[in-house]
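Q: Have a look at this one.
The values are calculated or read from the model by the stated rules, or taken from the named source; none is laboratory data. Predicted model, so just to flag it, every value in this text is computed and none were measured. Here the Cβ positions follow ideal geometry from the backbone for every residue, glycine too, while neighbour counts run over all protein chains shown. The area values use the complete protein model at the heavy-atom level, side chains included, leaving out ligands, DNA and RNA. Shrake-Rupley method; radii C 1.70, N 1.55, O 1.52, S 1.80 Å.
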Amino acid sequence: MTIASTTQQICFLVLAATTVLGALGVVLLPNIVYSAFLLGGVFLSVAGLYLLLNASFVAAAQVLVYVGAVNVLILFAIMLVNKREDLSAIPGLLLRRVLSGTVCAGLFALLLRVAFTTRWALPGPLPVGEDATIRIGEHLFSDYLLPFELASVLLLMAMIGAIVLARRDVFASDVITGEPVDQGLIEKARSPMLLERGDTSPNPSSPLVETSR
Amino acid sequence: MTADSTIPLQAFLTVAALLFCTGVWGLINSRNAVRVLMSIELMLNAVNINLMAFSSYLDGQLIRGQVFAIFVITVAAAEAAVGLAILLSLYRNRETVDMERFNLLRW
């Protein structure tokens, strides 16, 4: 990819600014729907950064997988668990925020120090540029063949696991005998595992009582 | 000329470090479980930026960093699917997404 250097720098600055500001918005905004949409913006700008780094295939994969799948999945999860709840105040929340902010700032300083004091082996070999996709394909089918196949197995396991975990175990009728199933039994069989004592009310829509700790 | 001469490698590393630290802060401080998952995605993206930058600047011929980034994207997609399924199941049982109330395993 050949672009004038000034254009490249402007593109980098804009993409970096949107990435960082979007990430801050994801973390800090009170409304989680705005956070989810900003997360899509962050993913898109990261894909733009990949394009600046001569990686068109990974940029396309980033847009397809992250913006197309993960972000939509997160939006669906937000819709499914959409309940306005006023979070109870915790003692020491501000202290926790300040402390973790300090730790994160320290981590950032450490990473910056590493990045700027290490003598990288620059300039490295000339980038392949347009041939990156061909090179990735050669890698995936020669020396990275085993991880590639393992990734497919991992995706299959994740798919089955997600279905099993998120499935609602409520059937209208028994699969084998065809008799109608008592819904209350299923709910009762599932619920005591996670509910605390005194909360096992038969009405599932009743709000849980916060036990005093 | 390619990107290597105009934008220094450290610029990409700085952006990735900022993104990672933002993700860590959000991971610790979020009360909403969905936001915790979003913070994890931010951290994975930061790692991916690092991989791509090193692959382009230091390993331009054998772009192994890009292959690694593809694997990271795959694992991140699987993680998001399973994590959100766990979240849905948890929400169905506890009727909340507040991280402070998921304290079943706390001593």
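Q: Tell me, yes or no, whether the stretch A:101-116 has at least one residue that is farther than 22 Å from B:Val47 by Cα, more than 26 Å from the chain's Cα centre (by Cα) and either open to solvent by 50 Å² or more (accessible area, probe 1.4 Å) or more than 7 Å from every other protein chain (Cβ to nearest Cβ) (or both).
A: Checked against the condition, which is being farther than 22 Å from B:Val47 by Cα, more than 26 Å from the chain's Cα centre (by Cα) and either open to solvent by 50 Å² or more (accessible area, probe 1.4 Å) or more than 7 Å from every other protein chain (Cβ to nearest Cβ) (or both), the stretch A:101-116 yields no hits at all.
Q: Which residue pairs have Cβ atoms under 7 Å apart, sit 6 or more places apart or on different chains, and have a first residue in the stretch B:59-75 that is within 7 Å of another protein chain (Cβ to nearest Cβ) and open to solvent by 10 Å² or more (accessible area, probe 1.4 Å) and a second that is of a type outside the set (D, E, K, R) and outside any helix (DSSP H, G or I)?
A: Taking only residues 6 or more apart or on different chains, the pairs are B:Asp59/A:Gly124; B:Gln61/A:Pro125; B:Gln61/A:Val128.
Q: Please find, among B:Val15, B:Val24, the residue that is modelled with pLDDT of 90 or more, in contact with a helix residue (DSSP H, G or I) (Cβ under 9 Å, 6 or more places away or on another chain), at the interface with chain A (Cβ under 7 Å from one of its Cβ atoms) and open to solvent by less than 20 Å² (accessible area, probe 1.4 Å).
A: Every option except B:Val15 fails the conditions.
Q: Does A:Val153 satisfy the condition of being of a type in the set (A, V, I, L, M, F, W, C) and open to solvent by less than 60 Å² (accessible area, probe 1.4 Å)?
A: no
Q: Here's another thing I want to ask about it. Among the listed residues A:Arg135, A:Arg97, identify the single one that is open to solvent by less than 90 Å² (accessible area, probe 1.4 Å) and either within 9 Å of another protein chain (Cβ to nearest Cβ) or over 30 Å from A:Asn54 (Cβ atoms) (or both).
A: Matching residue, one of A:Arg135, A:Arg97: A:Arg135.
Q: Count, please, the residues in the stretch B:76-99 that happen to be open to solvent by 30 Å² or more (accessible area, probe 1.4 Å) and more than 7 Å from chain A (Cβ to nearest Cβ).
A: The qualifying residues number 4.
Q: If the Cβ limit is 6 Å and pairs must be 6+ apart or interchain, which residue in the stretch A:97-126 that is more than 13 Å from B:Cys21 (Cβ to Cβ) pairs with which residue that is open to solvent by less than 70 Å² (accessible area, probe 1.4 Å) and not in a helix (DSSP H, G or I)?
A: A:Ala121/B:Leu58; A:Gly124/B:Leu58; A:Gly124/B:Gly60; A:Pro125/B:Gly60; A:Leu126/B:Gly60
Q: If A:Ile32 passes every condition in (1) touching a strand residue (DSSP E or B) at 6+ places or on another chain (Cβ under 7 Å); (2) at pLDDT 95 or above but one, which one does it miss?
A: So the condition that A:Ile32 fails would be (2).
Q: Might you check whether a residue that is at the interface with chain B (Cβ under 9 Å from one of its Cβ atoms) and under 18 Å from B:Val15 (Cβ atoms) occurs anywhere in the stretch A:60-69?
A: Yes, some residue in the stretch A:60-69 is at the interface with chain B (Cβ under 9 Å from one of its Cβ atoms) and under 18 Å from B:Val15 (Cβ atoms).
Q: Output the helices (runs of 4 or more DSSP H) that fall wholly within the stretch B:1-70 and possess 1 or more residues being under 30 Å from A:Ala77 (Cα atoms) and under 10 Å from the mean Cα position of the chain (by Cα), or say none.
A: Those helices (runs of 4 or more DSSP H) span B:9-29, B:33-57.
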